Amino acid sequence: MMATDIVKPRMLINGELVEASDGKTFSVYNPATRQKSAEVPEASADDTNRAVSSAKAAFPGWSALDPSVRGSYLGKLAALIRQNNDELAKLEAISMGLPVSSFHHAKSAALQFEHYAEAWPHVQGQASVNTPGHVAMTLRQPYGVVALIIPWNAPIHFFASKAAPALITGNTVVLKSSEKAPLGVARVAELVNEAGFPPGVFNILSGHGLPSGQILSRHMDVRALSFTGSSRTGKLIQEEAARTNLKRVILELGGKSPAIIFHDANLKKAVEQTQFSIQVNSGQVCMANSRIYVQKNVARVFVEAFKQRFAAVKDGDPLSKEVNHGPQADEVQYKTVMSYIEQGTKSGGTLVQGGRGKRESTSGFFVEPTVFVDTPEDARIMKEEVFGPVVNINTFETEAEVIAKANDTEYGLYAAVYTRDINRALRVAKALESGYVGVNCTSPLTGRDLPFGGYKGSGQGREGFLYSMDNFLETKSVIIQIDDA
Ligand code: NAD
């Protein structure tokens, strides 16, 4: 693939790589150059319905297979994804601007498929003799057709972390990629085909929320839907599910994650890690620590060191291995981030670094690493997800004060606390309203076998190696009466 080639991906429906039924496409532009990268099929209502009906038709056969056979398809796909790592990195770079130097999604996706390929023995119910005269048991069984709707900020990773557990448990899948970053997923659709999954088992659509995402949310034959994306869309999906067939909905949504730095923390480490958290993927990470609270007596030192590191990032062509700061994913994201920066400056906070968009000087949607200090707690930029390389650093004096500030948000995805005092660390970890807490570490670090998911408006349900299969399994109780001898 040359940098100037226009990519022409297709969708995978019922085992065939296809254009949209009505021939409709949408354009994807490289956000670093604003040149067109691809013409992508826009799934029509017919395409979406056909994907669901072929998944429904494939369900009886797929769910009846020996699970180790299902696992063998997952294993083949994992190997193909690993082999195509470099091409996938390029496709993500030219669609959503992720620097190839930060691309680890193919490895993490392959790991997901490898793990779940072997995880089927854990799908088990329970048995009991607690009802006299009876033996009772539970069976864990697949839902049938499940829909998976993913965002653009780590597409191949989310593709795998949802599809692998859904498939190994015997469900058939219709996955929709994000309109902002459909290219890597579309290449993986070709690999799914190459891996030889039976037709209809694994369908992959490209397109916008309307029509295909909405149709999946409403579809009476879709029995579970796992979504990662914004809280706004998550609520719409939940509403559609409630209005139609009450399908099971799993939601991984946005965040406004706080990191708390006490005076006794290892400040050097806290600066390095909190800076990386808000900078990686140009701040387009659900769990990025976008609010940092530093104890007053060390705040000046912290802010100076933070600014120095943040300013040192290298922006430029995401295809260059030296670059670690890409553009925002597209013009919409760029404009949103710039408008939050403008609001931030009007809100009473002080802009101490960055703040400028570089679209005019670079022709790409680059935003300077930006730091505000002393922003009023009720400012929109303190409450809403910016999804850019923009951080608010505020100060605090007491533990109680900072816990109240950290929790004063509708989000609750990830929080961090830095201190050398173990008692304080655990008190604060316990008090934080957040699905994840890092102690002397912060996002994007996660423990491999821990559940991931949000408190409050950050979502419902949990994902992870030990948890995701549960999202795609019904529980049936069976009670058996035993006749007297
Ligand atoms: P988004 O909500 O705009 O879009 C996500 C997906 O939903 C896309 O595929 C989109 O086409 C689809 N969609 C849009 N409207 C729809 C509708 N009405 N019905 C059904 N589907 C619809 O989110 P995004 O901008 O792609 O992703 C960024 C957001 O995702 C951020 O808020 C981020 O915090 C969140 N996110 C959360 C996690 C997590 O694990 N909690 C991880 C990554 C990203």
### Query
Tell me, in nm to one decimal, what length is gained between residue 27 and residue 139 on full extension, where the rule is 0.36 nm per residue of separation less the Cα-Cα distance?
35.7 nm
### Task
For the range 369-385 and the range 260-288, compute the distance between their C-alpha centroids and round to whole Å.
16 Å
### Message
Per residue of the range 442-457, what does 6.51 cos²θ - 1.76 cosθ + 1.60 with θ = phi - 60° give for ³J(HN,Hα)? Whole Hz please, x for Gly and Pro, Karplus curve as stated.
### Response
9, 5, x, 5, 9, x, 4, 9, 8, x, 10, x, x, 7, 6, x
### Task
Over all directions, average the projected area of the Cα convex hull of the chain and note it in nm².
24.9 nm²
### Task
For the range 72-81, take each phi angle, set θ = phi - 60°, evaluate the Karplus expression 6.51 cos²θ - 1.76 cosθ + 1.60, and give the result in whole Hz per residue in order, putting x for glycine and proline.
5, 5, 4, x, 4, 5, 4, 5, 5, 5
### Task
Can you spot the aspartates and glutamates whose alpha carbon is less than 15 Å from residue 107's alpha carbon? Ignore those fewer than 8 places along the same chain.
86, 87, 92
### Query
Can you list, largest first and rounded to whole Å, the semi-axes you get for the range 10-94 by taking the square root of 5 times each eigenvalue of its Cα gyration tensor?
29, 22, 7
### Query
Taking only Cα atoms, what is the 0 to 90° angle, nearest 10, from helix 183-195's long axis to the longest principal axis of the chain?
30 degrees
### Task
Please tell me the relative contact order of the chain in percent, rounded to the nearest whole number, where contacts are Cα pairs under 8 Å and at least six residues apart.
18 percent
### Query
Among the DSSP beta bridges whose two residues both lie in the range 258-453, what percent are antiparallel, rounded to the nearest 5?
15 percent
### Task
Please report how far the C-alpha centroid of the range 208-225 lies from that of the range 426-454, rounded to the nearest whole angstrom.
32 Å
## Note on the structure
HN-Hα couplings for the range 91-98 via Karplus (6.51, -1.76, 1.60; θ = phi - 60°), in whole Hz with x for Gly/Pro, come out as 5, 5, 4, 8, 10, 10, x, 5
### Task
Kindly put 72, 37, 458 in sequence by how many other C-beta atoms sit within 10 Å of each C-beta, fewest to most.
72, 37, 458
### Message
Multiplying the sequence separation of residue 429 and residue 118 by 0.36 nm and subtracting their Cα-Cα distance, what value in nm do you get?
### Response
108.6 nm
### Message
Using the Cα centre of the chain as origin and beta-carbon charges of +1 (Lys, Arg) and -1 (Asp, Glu), tell me which of 175, 251, 323 is placed farthest towards the positive end of the dipole.
### Response
323
### Message
Run the reach check for residue 56 against lysines, Cα to Cα strictly under 21 Å, same-chain hits fewer than 8 apart removed. What comes back?
### Response
162, 176, 247, 476
### Task
Report the charge-dipole magnitude of the chain in Debye, nearest 20, computed about the Cα centre from +1 at each Lys and Arg Cβ and -1 at each Asp and Glu Cβ.
540 debye
### Task
Return a whole-number percent for the relative contact order of the range 258-453, with Cα pairs under 8 Å and 6 or more residues apart as the contact set.
27 percent
### Query
So which aspartates and glutamates can residue 358 reach, going by Cα to Cα under 14 Å and dropping same-chain residues fewer than 8 places off?
315, 317, 330, 331, 368
### Task
Could you list which residues have their amide H under 5 Å from that of residue 21, counting only those 5 or more apart in sequence or on another chain, with H placed in the peptide plane?
44, 47
### Message
Return the Rg/Rh ratio of the range 258-453 with Cα-based radii and a Kirkwood Rh.
### Response
0.95
### Message
Explain nothing, just the number: dipole magnitude of the range 258-453 about its Cα centre with +1 on each Lys and Arg Cβ and -1 on each Asp and Glu Cβ, in debye rounded to the nearest 20.
### Response
440 debye
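Computed from the coordinates by the stated procedures, all read-outs in this text should not be read as laboratory data. None of these values were measured; they are calculated from a predicted model. Note that we place each Cβ from the backbone using ideal geometry, even for glycine, and neighbour counts take in every protein chain shown.
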